[in-house]
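First the structure, in the form of structure tokens, and then the observations on it.
The values are calculated or read from the model by the stated rules, or taken from the named source; none is laboratory data. If you're wondering where the values come from, they're calculated on a predicted model, not measured in any experiment. Heads up, the Cβs are rebuilt from the backbone with ideal geometry, glycines too, and the neighbour counts pull from every protein chain shown.
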């Protein structure tokens with residue numbers, strides 16, 4: 001399970017890597033259990049669900065996640081995520097990409113990435129982005145702009161994805 005502390009650490013490492021790469025700024029919107037874990041509403045989550053504004057952001061984010069160059073060593077070592085193909089969430093939830101950081105010392109870090117829309121239905125709107133906040137833990141990040149969508153918007157996203165997913169019903 002991914003705890004609040006681990007989430008904060010992983011995003012800090014990704015920001016550090018993005019800085020080393022000279023990456024442009026990437027806006028990331030947390031919509032699921034990761035958002036709830038950061039808020040202290042739940043103790044941990046199995047995966048982290050994020051929405052990006054567009055496919056250009058996905059391309060930049062993917063390069064940060066998957067680039068294995070040893071020259072991009074962060075304070076936590078070389079941070080590399082693998083792109084997972086054929087994951088059930090791609091079909092079931094309409095995820096645009098699934099990534100996984102293999103971590104033999106801790107549990108793996110699973111990252112489900114959507115571009116603008118979840119399950120082909122609920123769209124990250126301009127008003128949702130305005131309501132989203134950047135928590136204090138992420139205000140000092142330079143390249144990765146991590147936003148928490150509002151609790152009401154999480155309810156909307158989880159309401160759509162909850163069909164057949166008991167963990168989403170529990171979160172609701």
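In segment 1-19, the residue that is modelled with the lowest pLDDT out of those that are surrounded by fewer than 17 Cβ atoms within 10 Å (Cβ to Cβ) and more than 14 Å from the chain's Cα centre (by Cα) is 1. Conditions first: (1) modelled with pLDDT under 95; (2) out of contact with any strand residue (DSSP E or B) (no Cβ under 6 Å at 6 or more places or on another chain); (3) closer than 24 Å to residue 5 by Cα; (4) surrounded by 12 or more Cβ atoms within 10 Å (Cβ to Cβ). Residue 105 passes all but one, so which condition is the exception? Checking residue 105 against (1) modelled with pLDDT under 95; (2) out of contact with any strand residue (DSSP E or B) (no Cβ under 6 Å at 6 or more places or on another chain); (3) closer than 24 Å to residue 5 by Cα; (4) surrounded by 12 or more Cβ atoms within 10 Å (Cβ to Cβ), the one that fails is (4).
Screening 48, 78, 41 for residues that are surrounded by fewer than 20 Cβ atoms within 10 Å (Cβ to Cβ) and under 15 Å from residue 2 (Cβ atoms) leaves exactly one candidate, 41. The set of residues from segment 135-154 being exposed (fewer than 14 other Cβ atoms within 10 Å of the Cβ) and either within 18 Å of residue 111 (Cβ to Cβ) or without any contact (Cβ under 8 Å) to a residue 60 or more places away in the chain (or both) comprises 136, 139, 140, 152.
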